Every structure is written in C-alpha cells, then in structure tokens.
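As structure tokens, the structure follows; a few thoughts come after it.
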Amino acid sequence: NAGVMQNPRHLVRRRGQEARLRCSPMKGHSHVYWYRQLPEEGLKFMVYLQKENIIDESGMPKERFSAEFPKEGPSILRIQQVVRGDSAAYFCASSPRRIPNYGYTFGSGTRLTVV
Amino acid sequence: DAKTTQPNSMESNEEEPVHLPCNHSTISGTDYIHWYRQLPSQGPEYVIHGLTSNVNNRMASLAIAEDRKSSTLILHRATLRDAAVYYCILRALMDTGRRALTFGSGTRLQVQP
C-alpha cells in the first residue's frame, strides 16, 4: 500500500515560469491538504480539497496559486509566474475522512527552487 | 483554535527516555491532542493522539494530565533516528472537518550518541 506520493521531489523554475506540483493520496483517501514550509520555518496550511471540491483555501495566496483535485488523477498545486519567495518545500497530506481523531499521512514533499 | 506551547529544543542521550512536554491550558473538553514529528528533509509523520486517557503505541506513549491542560510525549528509548521536530497539535471534536491541522513551531529534539 503505497503512501502519499508527491512528484517531482525537486523542481527548479526560473522566475516567471509556472510550477505544477502533484500529489497522489493514499488509496481510499479522498481528502487532500497542501502545506508550505519555508526554510527554517514551520508548516503553513494552504488548502484543503476533497474530490472535485475546494473545502478550505484560507491559506492560499490570493494571486498566482491554485489547486485542484479532480475526480480522476492526482491533486495539483499550480503556481503561476513564480518568484524567489515561492522557494519552499510543499507537502501534501491525505486522510480518508474528516473526523478529528484520525491522523494525516504526509508525502515526502516537493522542494521548489526558483532561480 | 486553542494554543499549544512547547520548548523550542531539547537534548537527549541515545537509549535514554525522553519526555517532551506540551502545555495547552485553553484546551476544551472535546479537543483531541495529536503529536506529529518531522525528520530532516521529510514530511511530518503521525505519532500518537489521545483525548483523556494515556495512550501507548509502538512509537511512543502519550501521558495526559488529569486536568488536560498539559500532556507529555514519551519516547521510551531514544535512538539517533528519533532526532526530529515534534509538534503537539489540538484538534476539536466538533470540528466540522473544514479546518486542517495547524502546526506550531514544535520542539527540536537532538539525540546524542
């Protein structure tokens, strides 16, 4: 039973390019959460999605960032026109349900470097 | 959300027990206490959670104070592989599920050989 798969593990983009980060949740998990971790800082929540729906995007920057979790396929976090400040580790987590006494399973992250 | 307070860092020696404290004086009666850890260059990993009673699993034990205003994560025999940042997080039972876990700054545990 594969865990949460994120790819790519490392992504380098020039300023102004687009970055697309993929997250395949664990089998049977329909809830996906994206977090961002800046160097030497804690994890910051970005967005929570359930299949085909955005449940909570309160942590998403208002511009350039978008996320989706289609009926088929992985969840995608998309960053348009990247800037140096977007350089960070982006983690995805999944869970099978919303109930609060259940742990999340995290992926190993995508490390985005903007040059 | 109720707030948790943890020491910034702790040190331990290999093969000795480690007690990682967490204060949550504003916890409500229906908040679950979760612990996660993040090893270097990896995503967070679920460790344990509890509500009122002490909990044990293969990774650790969770001791919850009688008034629930504090808890302690116990690693019975620290190994070098336990060096990580440990996060104590509260999750409300009445959470409709619209809120994700909120991570604080955690405790950075260093394990000396």
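Structural remarks
- Residue selected from the range A:59-76 under the condition within 14 Å of chain B (Cβ to nearest Cβ) and outside any loop (DSSP other than H, G, I, E, B), by the criterion farthest from A:R14 (Cα to Cα): A:S75
- Taking the criterion of being more than 24 Å from A:F106 (Cβ to Cβ) and surrounded by 15 or more Cβ atoms within 10 Å (Cβ to Cβ), the only residue of the range B:70-86 that qualifies is B:S70.
- Options B:R91, B:R98: the member that is out of contact with any Leu (no Cβ under 9 Å at 6 or more places or on another chain), modelled with pLDDT under 90, within 28 Å of A:Q6 (Cα to Cα) and within 14 Å of chain A (Cβ to nearest Cβ): B:R98
- Within the range B:3-57, strands (runs of 3 or more DSSP E) holding 3 or more residues that are crowded, with 19+ Cβ neighbours inside 10 Å, more than 11 Å from the chain's Cα centre (by Cα) and free of Cβ contacts under 8 Å to residues at least 60 places away in the same chain: none
- Members of the range B:58-69 found to be over 14 Å from B:S28 (Cα atoms) and surrounded by 12 or more Cβ atoms within 10 Å (Cβ to Cβ), listed by number: B:M59, B:A60, B:S61, B:L62, B:A63
- Odd one out for A:V32, checked against (1) more than 30 Å from B:N8 (Cβ to Cβ); (2) surrounded by 17 or more Cβ atoms within 10 Å (Cβ to Cβ); (3) at pLDDT 95 or above: (3)
- With respect to the conditions (1) aliphatic (A, V, I, L, M); (2) crowded, with 20+ Cβ neighbours inside 10 Å; (3) in contact (Cβ under 8 Å) with a residue 24 or more places away in the chain, B:A100 lacks only one, and its number is (3).
- Residue check, A:V4 modelled with pLDDT of 90 or more, surrounded by 13 or more Cβ atoms within 10 Å (Cβ to Cβ) and at negative phi: yes
- Among the residues listed as B:P113, B:P21, B:P17, the single one being over 30 Å from A:V47 (Cβ atoms) and in contact with a helix residue (DSSP H, G or I) (Cβ under 8 Å, 6 or more places away or on another chain): B:P113
- When restricted to residues that are in contact with a Leu (Cβ under 7 Å, 6 or more places away or on another chain), within 13 Å of another protein chain (Cβ to nearest Cβ) and touching a residue at least 60 places away in the same chain (Cβ under 8 Å), the range A:86-110 contains 4.
- Against the numbered list (1) in contact (Cβ under 8 Å) with a residue 40 or more places away in the chain; (2) surrounded by 13 or more Cβ atoms within 10 Å (Cβ to Cβ), A:V83 comes up short only at (2).
- Tally of residues being over 26 Å from A:Y90 (Cβ atoms), small (G, A, S) and more than 14 Å from chain A (Cβ to nearest Cβ) across the range B:27-84: 6
- From A:Y90, A:Y48, A:Y104, A:Y33, residue being among the aromatic types (F, W, Y) and in contact with a Lys or Arg (Cβ under 7 Å, 6 or more places away or on another chain): A:Y90
- Options A:E41, A:E68: the member that is over 14 Å from the mean Cα position of the chain (by Cα) and of a type outside the set (S, T, Y): A:E41
The values are calculated or read from the model by the stated rules, or taken from the named source; none is laboratory data. In this text the structure is predicted, and so the values were computed from the model without any measurement. Note that we place each Cβ from the backbone using ideal geometry, even for glycine, and neighbour counts take in every protein chain shown.
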